Amino acid sequence: MWRGLMISRWLMVFFLLAGISACNLDTGSQSPADSGQVITTTTAQGALSCSASVPTGVTVISGQPTPILVVGSGGTSPYYLAGTTTSFSSNTTITRSYSNTSNGSIVVSDQVTIEDSTAQETTCTFNVTVQPESAPPANLACTLLSSASTVVVNGAVTYTATSTGGVSPRTLYNFSPGSSATTISPFNPASGMATVSYTTTGQKTASVQVSDNAGNTASCSAVVQVVASPSLTVTVAPSTTQPAGGIFTLTAVPSNFISPPTSYSFVPSSSQVTVNQSNSSSATAQVSSTTLSNFQATVTASNSTQTASYVVSLTYTNSNQLTCTLSHPSGTYNPGDTVTFTVTANTGESLVITQAVAQDGTGYYVNNTANIIFSSTGNKTFTVLAQSRTTGQRCNGGNAIQDTVTISPVSSTLSCTVSTNINPANSGQYFIGTVVATPNSGFASITDISTNLPVNGNYVVLSGGLRAQMYIFTRGKFLMTYTIRDSRSGAVARCTDTQTIR
């Protein structure tokens, strides 16, 4: 009201001055404009009103200063906060403090009174959400996790959303699973969970939003890769059709498995089919039948979560038996000698040994040939299984093929002869001596060359062990003695020849 009294006094002064002007005192008949005076006029803007609120983004904490934005409108500006002399043209900010002793947020009602320049008054009421007295809340955030980073088309994936920070209570909302999704279990804001599947392949981005009691919002997302459903194909060697008695080799080829298959199975359509698979983790197996002309095999690949199967049909075309024989070159063989065995077919077609067993022998086999070394004397049996390289048909109906070789003792007697070239035979030039060992076991070689006279010379044993290149730097006629030894039997022999050095 005192603001109204002050305005009344100013109005009295204004009217007094106006009267003096009207009496034409010594003013020189000048108008206010002529005297340079500035006249301020105000115009009423309708009924005076106001609004007050906490600025957006401000969290009100119990006991802490809180800004309040006050906005005046209507009436006659400037405006005054009731009980103050500070004016504002349209809005001003004041500071207040609120108390909250509870464990959660509360809503407090408050009011602000303003006056205009004509002493009109108005009061505006507003609500303030006050948080309990504590440290300012952490930043609002959320996390979205998927049950798997990679899923197959139409496979289920579960998303779980959690939130942190902000002002409790927080609310999860607006969940989006991404493109081509089919809902299995809709999003539950309370648990933050949803389960979906996808009908197309590719990268899918799911997202969710969270808001808190202070009006803050945040969002988060998760990425899932969707791949095609697992599948399986089977290759057959040599082909899905072959002559009776042949062996079919089946190899499983998996595709689109999230992780590689850990087990394989090969299940025939009949108990009359033989399946040879080394272990359940092998992707390859051999199948055959001696009684059926047609049969099937179901091949299945699996990992801990996925399975795919493939059915292959197999056919035998005829019952002609492939006849094969096993043989080795004739001759005398001793322990340590290499015996070459060869399997041949009555049709002349190309064969391959699939299995070999040597009695008291070791070696290797390639295609239709095996090289075996026997370590002791006596009659030794070599046994093989073989089949056609082109059709897979088994030799002799899948029965073993055998051949026997005699391994003879090594002779302990050894003799030799030697011949040398005589031209050139000049001092310091080389000549070559060639030794013939009897018997020629292939294990004899020159171990020493000596002469009947002291000489200045040297020698080198050449490839093969029974030839030597020798240099002598002394002139004369020399008796050359060659010593040879059989490394297998230990027998030693000596033979001589003469050479003239000029």
- Once phi for every residue in region 392-402 is put through the Karplus expression 6.51 cos²θ - 1.76 cosθ + 1.60 (θ = phi - 60°), the whole-Hz ³J(HN,Hα) values, with Gly and Pro written as x, are x, 5, 7, 5, 6, x, x, 7, 5, 10, 10
- Quick one: angle between helix 2-22 and the longest Cα principal axis of the chain, in degrees between 0 and 90, rounded to 10, please. 60 degrees
- Item | Net lengthening on full extension, Q296/D360 (0.36 nm per residue, minus Cα-Cα) | 18.9 nm
- With 0.36 nm assigned to each residue of separation and the Cα-Cα distance removed, T307 to S412 gains 31.0 nm
- Query: Considering the chain, what Rg and Dmax in Å follow from its alpha-carbon atoms?
  - Reply: 55.5, 173
- Task: Please work out the Cα convex hull volume for region 196-315 and give it in Å³ per residue.
- Result: 126 Å³
- Query: Can you give the three extents of the C-alpha atoms in region 429-502 along their principal axes, from longest to shortest, in whole Å?
  - Reply: 38, 21, 15
- How many times 2.2 N^0.38 Å is the alpha carbon radius of gyration of region 240-306? 1.20
- Message: I need the fraction of alpha carbon pairs in region 313-378 separated by more than 21 Å, rounded to a whole percent.
- Response: 37 percent
- Determine, for each peptide in 201-211, 242-252, 321-331, 102-112, the mean count of other beta carbons within 10 angstrom over its residues, then list the peptides with the highest first. 242-252, 201-211, 321-331, 102-112
- Query: Taking 0.36 nm per residue of separation and subtracting the Cα-Cα distance, what length does fully extending N440 through T474 add?
  - Reply: 8.9 nm
- Item | Mean projected area (nm²) of the alpha-carbon convex hull when region 151-222 is viewed from all directions | 4.5 nm²
- Item | Zone of Q120's modelled label, taken as backbone nitrogen in region 73-103 under 15 Å from a point 7 Å along Cα→Cβ | 73-80, 90
- Amide H contacts under 5 Å for I407, placed H, 5+ residues apart: G378, N379, K380
- Message: Would region 383-423 count as rounded, prolate or oblate if I go by the C-alpha gyration tensor, calling it rounded below 1.5 in a/c and otherwise prolate when a/b exceeds b/c, oblate otherwise?
- Response: oblate
- Query: Which value, to two decimals, describes the C-alpha radius of gyration of region 231-386 once divided by 2.2 N^0.38 Å?
  - Reply: 1.33
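Give the peptides 444-451, 64-71 in descending order of average Cβ contacts within 10 Å, highest first.
Ranked by mean Cβ neighbours within 10 Å, highest first: 444-451, 64-71.
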- Where does the chain land at 222 nm, in deg cm²/dmol rounded to the nearest 500, when only DSSP H runs of n ≥ 4 count, each adding -39500 (n - 2.57), divided by all residues? -1500 deg cm²/dmol
- Query: Averaged over all directions, how much area does the convex hull of the C-alpha atoms of region 202-258 cover when projected, in nm²?
  - Reply: 5.8 nm²
- Within the set of other residues whose C-beta is less than 13 Å from the C-beta of G72, count the net charge using Lys and Arg as +1 and Asp and Glu as -1. -3
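Only the coordinates and a few stated rules stand behind these numbers; no lab work does. Predicted, not measured: the structure shown is a model, and the values here were computed from it. Quick reminder, even Gly has a Cβ in these numbers, built from the backbone with ideal geometry, and neighbours come from all protein chains shown.
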